[in-house]
Amino acid sequence: MKQGKLIIFSAPSGAGKTTIVKHLLTKFPCLSFSISATTRPSRGDETNEKDYYFINTEDFLHRVARQEFVEFEEVYSGTFYGTLRSEIQRIWDNDQHVIFDIDVEGGLRLKRKYEDDALAIFVQPPSLEVLKERLTGRGTDSPEKLQERFIKAEKELAYADKFDIVLKNYDLQTACLEAEKLVSDFLKK
Ligand code: 5GP
């Protein structure tokens, strides 16, 4: 079985990691996005099997029981997200490295498992206030869901120093350039 590397981007929701990951995918053809499975419904602009594998809770829990996930989390109450082993292998079999956009706990779990084959990057937003503004501005979540995201974000900010690198996203262009350098150096190792 082939094995490549893993580049993990974790951060509280709204910190900008998805934008940075999308940028890196345009710059590094050797990277492929790990499509997670989730039980949350798709947002208007998301596509099944491209952004996520959208599955129902019953299917998700069957897969948990069959140990199909390398990591999974109930990221928000009643809403599961997870990385399928088959997804990582699919990418490695294609001679590519895997890039993840994943929550903080899941990111650290992958880092513990893959150790030096993985680079774990924490994306730090300028402040909790900015994060809240970004999340509210998306307009995709109900007030209750937003509140849950705020509470989780506050907790997640405390995890930064457990990562290999903290990437400050105060200015998106600068953060993208720094991310390019980090990835390029890691892939050369
Ligand atoms: P969203 O609902 O905004 O797409 O994602 C919510 C959170 O779940 C984000 O922090 C996202 O990175 C995280 N997430 C997405 N996929 C996975 C996964 O496979 N595992 C874990 N642990 N978190 C994930």
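The values are calculated or read from the model by the stated rules, or taken from the named source; none is laboratory data. The structure presented is a predicted model; accordingly, all values stated were derived computationally and were not measured. Positions of Cβ are backbone-derived with ideal geometry, glycine not excepted, and every protein chain shown enters the neighbour counts.
The set of residues in the range 1-10 being modelled with pLDDT of 95 or more and touching an Asp or Glu at 6+ places or on another chain (Cβ under 8 Å) consists of GLY4, LYS5, LEU6, PHE9, SER10.
Can you name the residue in the range 113-170 that is polar (S, T, N, Q) and over 19 Å from ILE7 (Cα atoms) and, of all such residues, is surrounded by the fewest Cβ atoms within 10 Å (Cβ to Cβ)? The qualifying residue surrounded by the fewest Cβ atoms within 10 Å (Cβ to Cβ) is SER142.
Scoring ALA158 on the criteria (1) small (Gly, Ala, Ser); (2) within 14 Å of the ligand (Cβ to nearest atom); (3) within 18 Å of LYS17 (Cα to Cα) leaves a single failure, condition (2). Checked against (1) away from the ligand (no atom under 11 Å from the Cβ); (2) more than 22 Å from PHE163 (Cβ to Cβ); (3) not aromatic (Phe, Trp, Tyr), ALA37 meets all criteria but (1). Does GLY14 satisfy the condition of being touching an Asp or Glu at 6+ places or on another chain (Cβ under 8 Å) and touching a residue at least 60 places away in the same chain (Cβ under 8 Å)? Criteria not met by GLY14.
Given the residues PHE72, PHE100, which is the only one that is in contact (Cβ under 8 Å) with a residue 40 or more places away in the chain, within 13 Å of the ligand (Cβ to nearest atom) and not charged (D, E, K, R)? Every option except PHE100 fails the conditions. Screening ILE91, ILE55, ILE99 for residues that are farther than 25 Å from CYS30 by Cα and β-branched (Val, Ile, Thr) leaves exactly one candidate, ILE55. Could you list, in sequence order, all residues of the range 72-94 that are over 18 Å from SER32 (Cα atoms) and of a type in the set (Asp, Glu)? Within the range 72-94, GLU73, GLU74 meet the criteria. Among the residues of the range 75-97 satisfying the criterion of being near the ligand (Cβ under 9 Å from one of its atoms) and at pLDDT below 95, which is farthest from GLN147 (Cα to Cα)? This residue is VAL75. Going residue by residue through the range 5-14, is there one that turns out to be surrounded by fewer than 17 Cβ atoms within 10 Å (Cβ to Cβ) and within 12 Å of the ligand (Cβ to nearest atom)? No: zero hits. The residue of the range 40-59 that is surrounded by the fewest Cβ atoms within 10 Å (Cβ to Cβ), among those that are free of Cβ contacts under 8 Å to residues at least 40 places away in the same chain, over 25 Å from ASN94 (Cα atoms) and within 11 Å of the ligand (Cβ to nearest atom), is PRO41. The criterion of being more than 10 Å from the ligand (Cβ to nearest atom), in a helix (DSSP H, G or I) and either of a type in the set (Lys, Arg) or surrounded by fewer than 18 Cβ atoms within 10 Å (Cβ to Cβ) (or both) holds for THR26.
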